[in-house]
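Here's the structure, in structure tokens; my notes come after.
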Amino acid sequence: MKKLRLYIRLFRLIAVISFGTLLAAGITLLERWVRHDLMPTRQRLTRWFLARLAAALPFRLSVQGQLPRQSMLWVSNHVSWTDIPLLGMLTPLSFLSKAEVRTWPVAGWLALKAGTLFIRRGSADSNLLNQQLGRHLQQGCNVLIFPEGTTTDGLGLRTFHGRLLSSAIECGVAVQPVAIRYLRNGQPCSVAPFIGDDDMLSHLLRLLGSDIGEVQIQLLTPIASTDLNRNALARAAQQSIREALFGAADAEQSAGLNGKAA
């Protein structure tokens, strides 16, 4: 029975990805024909595709909070590649992703066509990336980054790096903090995290073969970028997400430890 469930889910996922590939190819041909970048259209179609992709994953989703009405720089904790379809289904978004994703078969090409920006770990191209992020924001497009720079097991938060939050300050747009939590039987999920030596295929098969898990997404109070430098903005976003995930007491204790370390 478990194998049958796995095969059904796998077939559904392949069907969604195949349709998404055709959709991306069609948009690429249309852009060549009109000789114009159709980023807003790509974002809307990407949201539609990611909603179907999220529906093909074994999750029950709940969302709290209000979607922003104007463009913002979204920041979120990062647990798994599944964060992208689950967050991307909420509103038209562009993502910032590690450069390795660009080399993934099919998924890397789809990410590129969806308008994803790629960053190499340890590279010195943050100024160029901030310019690209700024252009997206100035065009009224939402952009989401994962300022931890990597995935975690969901049991804690890594330091939020502020260098890529400069685009929000320079464009005068607010930061939208987002907290995402994976649960299974009311406890932190051990299946969803994509960490360590996990490879995409093994993780995907393990996930599709599992029971339905729960995902909680919290859209937190936006943070104005005015009168803050990038590091202060990063700390404020991290504090907001930490408090949402782990409670006010834990967030205050962590802030105190960070203050002593500084």
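The values are calculated or read from the model by the stated rules, or taken from the named source; none is laboratory data. What you see is a predicted model; the values in this text were computed from it and never measured. For neighbour counting, all protein chains shown are included, and Cβ atoms are generated from backbone atoms with ideal geometry for every residue, glycine included. Note: accessible area is taken over every heavy atom of the protein model, side chains too, but ligands, DNA and RNA are not part of it. Shrake-Rupley method; radii C 1.70, N 1.55, O 1.52, S 1.80 Å.
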*Can you list residues whose amide H is under 5 Å from H161's amide H, if they're 5+ apart or on another chain and H is modeled 1.01 Å from N?*
E148
*Once amide H atoms are built 1.01 Å from N in the peptide plane, which residues 5 or more positions from S94, or in another chain, come under 5 Å H to H?*
N142, V143, L144
*Mind listing the phi-derived Karplus ³J(HN,Hα) values for segment 96-112, rounded to whole Hz, using 6.51, -1.76 and 1.60 with θ = phi - 60°, and x for any glycine or proline?*
10, 9, 5, 4, 4, 4, 4, 8, 5, x, 6, 4, x, 5, 4, 4, 4
*What is segment 30-125 by shape, rounded, prolate or oblate, if you read a ≥ b ≥ c off the alpha carbon gyration tensor as root eigenvalues and call it rounded for a/c under 1.5, prolate for a/b larger than b/c, and oblate otherwise?*
rounded
*On the accessible surface of segment 102-163, probed at 1.4 Å, how many percent belong to carbon and sulfur atoms?*
50 percent
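Mind checking the per residue accessible area of the chain for me, 1.4 Å probe, whole number of Å²? Show your work: numbers first, answer last.
Working: 13680 Å² over 262 residues.
Per-residue value: 52 Å².
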*Label-point separation (nm) for Q70 and A25, each offset 7 Å from Cα along Cα-to-Cβ?*
4.2 nm
*asked:* I'd like the Karplus ³J(HN,Hα) series for segment 168-176: coefficients 6.51, -1.76, 1.60, θ = phi - 60°, whole numbers in Hz, and an x wherever there's a Gly or Pro.
replied: 5, 5, 5, 8, x, 10, 7, 9, 9
*Have a look at A51, T116, P105 and report the one farthest towards the positive end of the charge dipole of segment 10-131, computed about the Cα centre with Cβ charges (Lys/Arg +1, Asp/Glu -1).*
A51
*asked:* With a 10 Å cut-off between alpha carbons and a GNM built on the chain, which of L96, L205, L165 moves the most?
replied: L205
*Once a ≥ b ≥ c are taken as the square roots of the eigenvalues of the Cα gyration tensor of the chain, is the result rounded (a/c under 1.5), prolate (a/b larger than b/c) or oblate (a/b not larger than b/c)?*
oblate
*For the chain, modelled as a GNM with alpha-carbon contacts under 10 angstrom, which of L90, L204, L67 fluctuates the most?*
L67
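Give me the dipole magnitude in Debye, nearest 20, for segment 104-223 about the Cα centre, with unit charges on the beta carbon: positive for Lys and Arg, negative for Asp and Glu.
Working: 9 positive and 9 negative charges, 52 e Å.
In debye, rounded to 20, segment 104-223 gives about 240.
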